[in-house]
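Okay, structure first, notes after.
The values are calculated or read from the model by the stated rules, or taken from the named source; none is laboratory data. Note that the coordinates shown come from a computational prediction; the quantities given were computed from them, not determined experimentally. Virtual Cβ from ideal backbone geometry, glycine too; neighbours counted across all protein chains shown. With ligands, DNA and RNA removed, areas are computed over all heavy atoms of the protein, side chains included. Shrake-Rupley method; radii C 1.70, N 1.55, O 1.52, S 1.80 Å.
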Amino acid sequence: MLKTGIEGKQEITVTAENTAKAMGSGTLDVFATPAMIALMEETSWRSIAPFLEEGEGTVGTELAVKHVSATPVGMKVRCESRLQEVDGRRLVFQVSAYDEAGLIGEGSHERFIVKNEKFQAKADGKKEK
């Protein structure tokens, strides 16, 4: 059963592949905002995955985050998530990311619990229209 307070943590190292230059979100060799957002989403869904029923997953529906500090290649980035709200199938997480010098990003992230097969079939059905 999902309850508020579930926490997640992940750590990665900034590499050339997840820089703004490589991801097309800028021209500098610093941790890309899209990479930070992906890390926040992944940390969130992984934290609650063990509590879902067979055949269920989650999809991201909303993000409101600030990227407040740049992180160079070679530094580690730690992401933390905390489930703040459970409203039926709607889940709201508080997310934050830190490098070895301190806070680099924070905000909120919303996900919805879905039945994986049904959701995929509906998405795939768009190709037929």
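Structure above, values below:
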quantity	calculated
Inter-site label distance for L2 and S69 at 7 Å from Cα along Cβ, in nm	3.1 nm
Rounded to 10°, Cα long-axis angle of helix 116-125 versus longest principal axis of the chain	90 degrees
Under the Debye formula (equal points on every Cα, no solvent term), log10 I(q)/I(0) of the stretch 1-76 at q = 0.23, 0.26, 0.28 Å⁻¹	-1.05, -1.21, -1.32
The chain, accessible surface, carbon-and-sulfur percent (1.4 angstrom probe)	50 percent
Exposure rank, largest accessible area first [T71, T61; 1.4 Å]	T61, T71
Nearest-10 value in Å² for the accessible area of K3, using the 1.4 Å probe	130 Å²
Estimated distance in nm for a label pair at E117 and L28, the labels positioned 7 Å out from Cα along Cα-to-Cβ	4.9 nm
Mean accessible surface per residue for the chain, computed with a 1.4 Å probe while every protein chain stays in place, in Å²	61 Å²
